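What follows is a single structure, written as structure tokens, with notes after it.
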Amino acid sequence: MRRETPQRLTDYAPIAFPAIMLTVFFVIPFGTMISVSFFQRQQGGFYTPAFVFSNYERFLSLFFANVLGFSLMLAVLVAICCVVLGVPFTYLLTRLTRRAQIIWMVVLLSVLSLSEVIIGFAWSTLFSRTAGITNLLVVLGLMEKAVALSPGFPAVLTAMVYQALPYTILVLYPALIRLDPTLTEAARTLGASPLRAFFTVVVPALRTTIMATLIMVFIFALGSYLLPQILGRPQHWTLSVLITDQAIYQSNMPFAAAMAVFLVLVTLAMVALTLFAGRKREAAT
Amino acid sequence: MRKILNSSISRRAMLGGTAAAIGALSMPSILRAQDRSLKVGVYGGYFKDSFDKNIFPDFTAATGIAVESIAEPTGEAWLVQLEQAARAGVAPADVSMMSQVAMLKGQSTELWAPIDTSRIKNYDDLLPQFVNKYPDGRVAGIGAVAWYITLVSNTDAYPEAPESWAALWDPANADKLGLLALVSNSFLLEVTAKTYLGGTDALDTEEGLNKAFEKLAEVKPNVRLWYRDEAQFEQALKSGEIPMGQYYHDVTGLAAADGHPVRSTFPKEGGIQDSGCWALSRASDKVEEAHVFIDYMSQPEIQATLSRKVGTAPTLKRDVLDLTAEEFASVSSDIDPIIPRYDLYQTKSDWLNQKWTELIVG
């Protein structure tokens, strides 16, 4: 099929709907947020329209840099964990019978029906001293007495990976199912072990997909604010938690907006950097 | 009950309230049909349901004034609406239940119509903290509901009840406490000041506040959970996972009555007493009805009914009430309460919030 460049205005019609949606649900709210971030906060009151930088100035401190750093680190870690678990899992999944694949997919998709609140509370029970999994280990004789595994960083990480893993698998699945099986067969005939074939053939062939998955999970994890609150200590609170505090509890919309704008900019910068690095490597090879 | 105060449902309640208010305004014929009526803003959710069920029907029967109750959000959204409506000369609600910080903010723009205290029969029986006054002495609001935050503990983990807020600082309680996560709802600065600095007046100066923050920093190693969500702490307290902390007196009492191993203790320094006021918008033309309403709500019998049915602490002196010792203890205490320094959350809110966040996160 030959693709023609649009000639008349009506040729653009098919993209009008997505364009309107994007404008109404993204551009306008985001624009509002940017303008509010420059408004003047009235302490003990609300805010007045203005053009001031004080909200950004307040954000530029070591304290918020640390919180931002932690949030980014957590999101990167969640993305890496998800891909490390998700790629081999999805690869093995694609090799199962059609029926088994469907059952697995239904189970995975059902996780998506759980809200963040339910996931958070379920894990906090599983990690508790009184009713948690350590009691099981005590019964099995593996541990001496039950301990609490939450709140703590591992608890936050586990729950966030649990929440993001189904998305990871959903994104990886189409690419892996379309992967030509003759590639691995060729590698095997040439004497590679299954493990070696996986790492030297499958993974490199999926490089773009893996990169896209990493970025998607990273952005998904960056917005998480409930799980760090439920399962973490205050030092594990992400920037999103502090944004919520300012917006809802302090009614300091300008500062909350400034933090949110900053978070979006940093996210975009990181994604751009990743894509740029990927393209450079591709050009080099 | 505090679920409402935590603002998660507020938006919905607010939308509902606004829609109802707009509906009422656009249908003046209905208002005229009812001879005497009053629009009363009440915190949406538990409070509104309880008032609609236990209080308002009796009020209408006693006075002939119909009440249209309006679900209002806590926090400041309702204040903004009242303020903007008052500028346009309308009142979405005549009388509203307002938080103490909102009362102060409303005072700054003269939003509250002064209340004629001579028309409140039990005015002299009101506890002083339930009369909200303008700096020049005019009365801006009269206490509506009050509740306590106390020291709670799991009876299995602590066979002996703790006696003082100092238990929060006890090194033996390392990693065992659950405390509220925000400076403006935990009121821990006031607790620190009352326990160690001789009273909440110590918070008048920045130096005093810094001292309180310093002392409060010593609590950090004992805290397992800084909670925003009450259900999370309540669950952990019942199971003994987090055996001590600060929590609402009435809810803890209900949990204990259900057989859970928990108790609420009024420490010798006093429980934290938070409350809401009845306030009349200056744009309301129902001044007469509003006074009848506030007078009715401040009667000893009604305050006793509120304590029994809604679980709030009475706003009147104890000796005028017919509550039994047991009924009184389930909602209040004779120990002098710690009254939050609401003025600080108006004048220094950003500074306090920043210091507090750095204290617990850093």
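Laboratory data are not the source of any read-out in this text; all were calculated from the coordinates shown. Here the structure is a predicted model, which means the values were calculated and not measured. For neighbour counting, all protein chains shown are included, and Cβ atoms are generated from backbone atoms with ideal geometry for every residue, glycine included.
A few remarks follow.
- GNM on chain B, alpha-carbon springs under 10 angstrom: the most fluctuating residue among B:GLN273, B:GLN107, B:GLN232 is B:GLN232.
- Relative to the longest principal axis of the Cα atoms of chain B, the long axis of helix B:287-297 lies at roughly 40 degrees.
- Degrees, to the nearest 10: B:77-87 long Cα axis against longest axis of chain B: 30
- Kyte-Doolittle mean at least -0.5 and Cα axial length at least 18 Å: DSSP H helices in chain A: A:62-94, A:98-112, A:153-177, A:207-222, A:253-284
- Between A:TYR249, A:TYR162, A:TYR56, the GNM of chain A built on Cα springs shorter than 10 angstrom shows A:TYR249 fluctuating the most.
- Between the range B:203-248 and the range A:130-170, the Cα center-to-center distance that results, in Å: 25
- Placing unit charges on the Cβ atoms of the charged side chains and taking the dipole of chain A about its Cα centre, the candidate lying farthest along the positive direction among A:SER71, A:ALA186, A:TYR91 is A:ALA186.
- Free of any GluC sites (Glu not before Pro) that DSSP assigns to a loop and that have at most 11 other C-beta atoms within 10 Å, the longest stretch within chain A is A:145-285.
- For chain B, the longest principal axis of the alpha carbon atoms and the long axis of helix B:206-217 meet at an angle near 60°.
- Rounded Å value of the spacing that divides the Cα centres of the range B:304-362 and the range A:217-244: 31
- Cross-link reach is defined here as a Cα-Cα straight distance under 18 Å, omitting same-chain residues fewer than 8 places apart; for A:LYS145 the lysines meeting it are B:LYS176.
- Considering helices alone, the calculated mean residue ellipticity of chain B at 222 nm is -12000 deg cm²/dmol, with DSSP H runs of length four and up weighted by -39500 (n - 2.57) and normalised per residue.
- Near-label residues of the range B:94-111 by backbone N, under 18 Å of a point 7 Å along Cα→Cβ of B:ASP136: B:104-111
- Listed by Cβ neighbour count within 10 Å, with the fewest neighbours leading, B:PHE266, A:PHE17 appear as A:PHE17, B:PHE266.
- Peptide B:356-362 - average C-beta neighbours from other chains (10 Å radius): 5
- The modelled label-to-label distance between A:VAL117 and B:ASP124, using points 7 Å beyond Cα along the C-beta direction, is 5.0 nm.
- For chain B, the longest site-free run once GluC sites (Glu not before Pro) in DSSP loop states with at most 14 other Cβ atoms within 10 Å are removed: B:219-362
- Contour excess over end-to-end distance, with Cα ends at A:ILE219 and A:TYR12 and 0.36 nm allotted per residue: 71.5 nm
- FRET efficiency, 1/(1 + (r/R0)^6) with R0 45 Å, evaluated for A:MET33 and A:MET105 via beta carbons: 0.80
- Fluctuation leader among A:VAL261, A:VAL24, A:VAL203 - chain A, Gaussian network, Cα springs under 10 angstrom: A:VAL24
- Which listed pairs, of B:LYS194/B:LYS238; B:LYS194/B:LYS268; B:LYS211/B:LYS348; B:LYS105/B:LYS215, have C-alpha distances above 19 Å, in listed order: B:LYS194/B:LYS238; B:LYS105/B:LYS215
- Here A:VAL52 and A:THR97 are evaluated by their C-beta separation; at R0 = 41 Å the FRET efficiency comes out at 0.05.
- If both residues of a DSSP beta bridge must be in chain B, then about 65% of such bridges are antiparallel.
- Per-pair calculated FRET efficiency, R0 = 60 Å: B:TRP351 and B:LYS53 via Cβ, rounded to 0.05: 0.90
- Peptide B:340-352 - average C-beta neighbours from other chains (10 Å radius): 2
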